[in-house]
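Heads up: the structure comes next, in structure tokens.
The values are calculated or read from the model by the stated rules, or taken from the named source; none is laboratory data. Nothing here was measured: the structure is a model prediction, and the numbers come from that model. Cβ placement follows ideal geometry from the backbone for every residue including glycine, while neighbour counts extend to all protein chains displayed. All accessible areas refer to the heavy atoms of the entire protein, side chains included, with ligands and DNA or RNA removed. Shrake-Rupley method; radii C 1.70, N 1.55, O 1.52, S 1.80 Å.
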Amino acid sequence: MNHGTASDGTPEPRFEAREGVESFWQRMVEEHHLKGKLTFPALLARTARLLPDKPALVFEDRRYSYRLLFEAIAGVARHLRTDLGVKADDTVALLLENSDLYNIWYLAVLATGAVGVPLNTRLTAREIEFILADSGVSLLLSEERFSDTIKDLAPAVLTRLKVERLAREHQPEPSSWDLVGAPVSIEAPAAIYYTSGTTGQPKGVVHTHRSLVAGALQGVIGWEYEDESVVNLATTPLFHIANHTIYLPTLLVGGTLVIDTYNTERAFLLIEQHRITQVFAVPSILLLMTQFPERDRYDTSSVIRVLFGAAPMPVGKLKAVQAVFPNAALLHGMGQTECCGTTVVLPSHLAFEKAGSVGINMPGTEIRIVDDTDQELPPKAVGELVTRGPNVMSHYLNRPEATAETLRNGWLHTGDLGYRDEEGYVYLVDRKKDLIIRGGENIYSTEVEQALYMMPEIAQVAVIGAPSELFGEEVVACVVKKECSGALTLAQIQAHCSRYLAEFKVPVDVHFLSELPQTATGKIQKAALKEMLGIQRAGSAFRE
């Protein structure tokens with residue numbers, strides 16, 4: 001959309017309206033025949049019928065046409081059913097690094113009608129145990145590099161769990177790639193993505209095939225890549241929900257997905273080698289790329305879109321990103337696992353004009369800013385961002401109360417506080433819950449606090465996020481020691497936390513205080529604590 005004057009001399013509207021929920025979904029149902037028994041992989045397999053010989057996926061020296069990719073997926077699906085006894089509705093966890101095997105096995109799990117449970121590869125055995133038990137996983141797909149983590153699982157978990165270790169040299173034989181005969185309804189559960197919970201325990205976000213299909217159909221429009229010419233670089237973790245809103249939709253439009261694990265120099269090399277047209281990254285990755293001393297050695301002229309989200313982008317760094325990718329349109333979006341990864345996106349033509357805004361609603365969704373009684377607020381008034389659409393989760397696994405609270409009145413309550421300007425664009429100012437976002441990874445302070453409270457020297461603790469130019473936020477602990485305790489250092493705290501938490505959740509700094517600010521009822525006032533320590537609120541630190 002270009003702002004200006006229409007042919008009749010009247011000003012064009014500045015707000016880019018999106019198609020509504022019911023209209024969009026009905027149109028998608030009719031255009032894509034989204035009825036009856038249809039899995040998410042079956043929808044993608046339709047592309048293989050249209051473009052069987054087009055490049056679909058690349059990882060290192062392995063290249064797959066659409067025909068070869070879906071023959072590989074079908075072969076794994078047959079192996080899961082016949083050799084491993086996987087049935088529809090079984091839950092299958094994946095503990096796999098980025099590679100061609102990840103998406104092949106993940107899509108094969110969903111094609112069988114089983115429910116996939118992607119696992120964060122940086123979690124400890126203790127953290128993985130909870131997810132396996134909570135979701136009732138019967139089969140764990142893993143790799144040799146995670147053998148030590150698996151050995152550390154509790155014996156009670158291992159006795160009821162079948163583990164299949166994947167090896168490149170022992171892959172199932174490819175099979176017919178006709179995946180149309182789906183074993184389950186489009187409304188059936190397809191995947192459970194775990195996200196941090198306010199009680200310190202992660203919550204299982206249940207997505208159906210319908211919500212994953214909707215997320216893909218919306219993603220290619222909202223992120224502006226409805227074109228089979230897209231060559232998409234996937235270097236952020238595939239176990240993240242971004243796989244569904246950014247990467248897998250590449251296979252929906254007939255593009256090519258190039259997979260790797262992020263390394264700054266290698267990312268530049270892959271962009272030049274494969275003539276990458278689209279890059280998605282969390283802001284910390286883009287900042288690393290702008291700071292890379294040898295960036296000018298590589299040709300980035302093929303990149304026509306740079307997508308970023310999952311954490312705030314320092315507004316003042318946009319020009320530096322543009323300089324690295326001179327031909328690229330910049331798109332800033334945000335979302336959460338519960339809405340298939342994306343809630344709002346700022347259209348690329350407004351990247352600089354509306355810098356600081358996270359944009360407008362995804363096509364086929366609606367958003368509001370509401371008060372504590374769920375009444376919609378006027379422009380500039382700060383409230384909670386809520387959304388609804390076919391991309392929203394079905395429910396939280398085993399948590400009916402949390403589901404009812406989050407999905408009340410038919411709207412997903414994101415927990416993000418923000419406002420809309422007079423033109424309808426959303427600006428976030430803070431988060432309703434004590435969520436810390438470090439480099440795109442969600443960390444709830446209560447989870448870290450629970451681990452710290454296991455230390456006998458600690459009387460009270462509060463965990464907060466402190467702004468970081470590279471990662472968006474870093475984890476900081478505020479500790480009141482017990483009177484009789486001896487010396488306590490940051491190194492000791494980090495060593496303790498490392499035994500119970502993933503590395504990215506471990507505090508990078510600690511403040512030892514005599515007391516923590518509290519309300520009359522004894523609740524720690526984290527806003528007052530940040531003010532006392534001179535820590536700027538993370539939600540406002542990036543609006544320069």
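Side notes on the structure shown:
- Residue within region 222-237 that is touching a residue at least 24 places away in the same chain (Cβ under 8 Å), in contact with a Pro (Cβ under 7 Å, 6 or more places away or on another chain), buried (at least 24 other Cβ atoms within 10 Å of the Cβ) and within 27 Å of residue 192 (Cα to Cα) present: yes
- Selected residue [more than 15 Å from the chain's Cα centre (by Cα), in contact (Cβ under 8 Å) with a residue 40 or more places away in the chain, open to solvent by 10 Å² or more (accessible area, probe 1.4 Å) and farther than 22 Å from residue 38 by Cα] from 172, 183: 172
- When residues of region 359-396 are limited to those that are assigned to a loop (DSSP other than H, G, I, E, B) and β-branched (Val, Ile, Thr), the one surrounded by the fewest Cβ atoms within 10 Å (Cβ to Cβ): 373
- For region 383-402, the criterion of being closer than 28 Å to residue 213 by Cβ and without any contact (Cβ under 8 Å) to a residue 12 or more places away in the chain is met by at least one residue.
- Where strands (runs of 3 or more DSSP E) fall entirely within region 92-198, those with at least 3 residues that are within 19 Å of residue 442 (Cβ to Cβ) are at 189-195.
- Residue within region 318-336 that is small (Gly, Ala, Ser), surrounded by 18 or more Cβ atoms within 10 Å (Cβ to Cβ) and touching a residue at least 60 places away in the same chain (Cβ under 8 Å) present: yes
- Residue match in region 228-235 (condition: of a type in the set (D, E, K, R), touching a helix residue (DSSP H, G or I) at 6+ places or on another chain (Cβ under 8 Å) and either modelled with pLDDT of 95 or more or not in a helix (DSSP H, G or I) (or both)): yes
- Counting only residues that are touching a residue at least 60 places away in the same chain (Cβ under 8 Å) and of a type in the set (D, E, K, R), region 91-146 holds 6 of them.
- Against the list (1) over 19 Å from the mean Cα position of the chain (by Cα); (2) within 26 Å of residue 465 (Cα to Cα), the condition residue 351 fails is (2).
- Within the option set 257, 248, 307, 288, being touching a helix residue (DSSP H, G or I) at 6+ places or on another chain (Cβ under 6 Å) and open to solvent by less than 10 Å² (accessible area, probe 1.4 Å) holds for one residue only, 257.
- The single condition among (1) modelled with pLDDT of 95 or more; (2) assigned to a strand (DSSP E or B); (3) over 21 Å from the mean Cα position of the chain (by Cα); (4) not basic (Lys, Arg) that residue 419 does not meet is (1).
- Only one of the listed residues (213, 279) is assigned to a strand (DSSP E or B), crowded, with 24+ Cβ neighbours inside 10 Å, of a type in the set (Val, Ile, Thr) and within 18 Å of the chain's Cα centre (by Cα). That residue is 279.
- Filtered residue count, region 403-428, keeping only those that are touching a residue at least 24 places away in the same chain (Cβ under 8 Å), under 25 Å from residue 25 (Cα atoms), surrounded by fewer than 22 Cβ atoms within 10 Å (Cβ to Cβ) and not β-branched (Val, Ile, Thr): 5
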